[in-house]
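Since the structure comes first, as structure tokens, the remarks are kept for the end.
The values are calculated or read from the model by the stated rules, or taken from the named source; none is laboratory data. Remember, predicted model here, so these are calculated numbers, not experimental data. Here the Cβ is made from the backbone with ideal geometry for all residues, glycine too, and neighbour counts use every protein chain on show.
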């Protein structure tokens, strides 16, 4: 994979970010430290506004359709050899470890950076390998590039096409976590473990940042 092209506004402090003292712990999951495993973003990033097309062919207004949910947003592509399938698998496995009452408060949105190959049908089939609830979005290359800019990312870059017709797409490997205040206070770099996600998800589901 080509290097990620992240240019997040503000700064990202990686490591364990302290959660509010009154944040709920994962039900029936044993003791949990009130800390996040993602990177704290300062200042937090506003949820981007863009409209793309979902895998059913319908227009999907990202800001409107995720209102009231904690939203995980990732840009990638189905032919990705490493981080994209790993990221989707990890998040899907983490959802299996938390109570459904928490999982139901999330929207997980995967936006393809490779619309030429990722048809709606291909995108849906790929996401279904991980979790049928995951939302897949596509559109024109221009619209997808604009969505990445709206999310404070550089547009993904396509490599030269090889003789066999294949190519890679260099893209960010961060998952944005937008809580119900429509801000991403945390981003999750590639490589976060299943148990770390499972620890954080219940906190993110009810996070208000009122004590920050």
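Counting only residues that are in contact with a helix residue (DSSP H, G or I) (Cβ under 9 Å, 6 or more places away or on another chain) and either assigned to a loop (DSSP other than H, G, I, E, B) or more than 15 Å from residue 42 (Cα to Cα) (or both), segment 173-189 holds 5 of them.
In the set 124, 117, only one residue is surrounded by fewer than 22 Cβ atoms within 10 Å (Cβ to Cβ) and outside any helix (DSSP H, G or I); that residue is 117.
When the residues of segment 149-172 are filtered to those that are surrounded by 15 or more Cβ atoms within 10 Å (Cβ to Cβ) and part of a strand (DSSP E or B), the one that is modelled with the highest pLDDT is 153.
Look at segment 81-98 and say how many of its residues are more than 15 Å from residue 130 (Cα to Cα) and crowded, with 16+ Cβ neighbours inside 10 Å. The total comes to 1.
Tell me whether segment 137-148 contains one or more residues that are in a loop (DSSP other than H, G, I, E, B) and either closer than 26 Å to residue 94 by Cβ or without any contact (Cβ under 8 Å) to a residue 24 or more places away in the chain (or both). No: zero hits.
Here are 53, 71: which of them is surrounded by fewer than 21 Cβ atoms within 10 Å (Cβ to Cβ), touching a residue at least 40 places away in the same chain (Cβ under 8 Å) and touching a strand residue (DSSP E or B) at 6+ places or on another chain (Cβ under 7 Å)? Outline the logic, then answer.
Numbers: 71 fails: surrounded by fewer than 21 Cβ atoms within 10 Å (Cβ to Cβ).
Result: 53 is the single residue among 53, 71 that is surrounded by fewer than 21 Cβ atoms within 10 Å (Cβ to Cβ), touching a residue at least 40 places away in the same chain (Cβ under 8 Å) and touching a strand residue (DSSP E or B) at 6+ places or on another chain (Cβ under 7 Å).
The residues in segment 39-97 that are part of a strand (DSSP E or B), modelled with pLDDT of 95 or more and under 15 Å from the mean Cα position of the chain (by Cα) can be counted, and the count is 8.
Just one of 132, 107 is more than 19 Å from residue 47 (Cα to Cα) and either at pLDDT 95 or above or in contact with a strand residue (DSSP E or B) (Cβ under 8 Å, 6 or more places away or on another chain) (or both); which is it? Give the derivation first.
On the way: 107 fails: more than 19 Å from residue 47 (Cα to Cα).
Selected residue: 132, the only one of 132, 107 that is more than 19 Å from residue 47 (Cα to Cα) and either at pLDDT 95 or above or in contact with a strand residue (DSSP E or B) (Cβ under 8 Å, 6 or more places away or on another chain) (or both).
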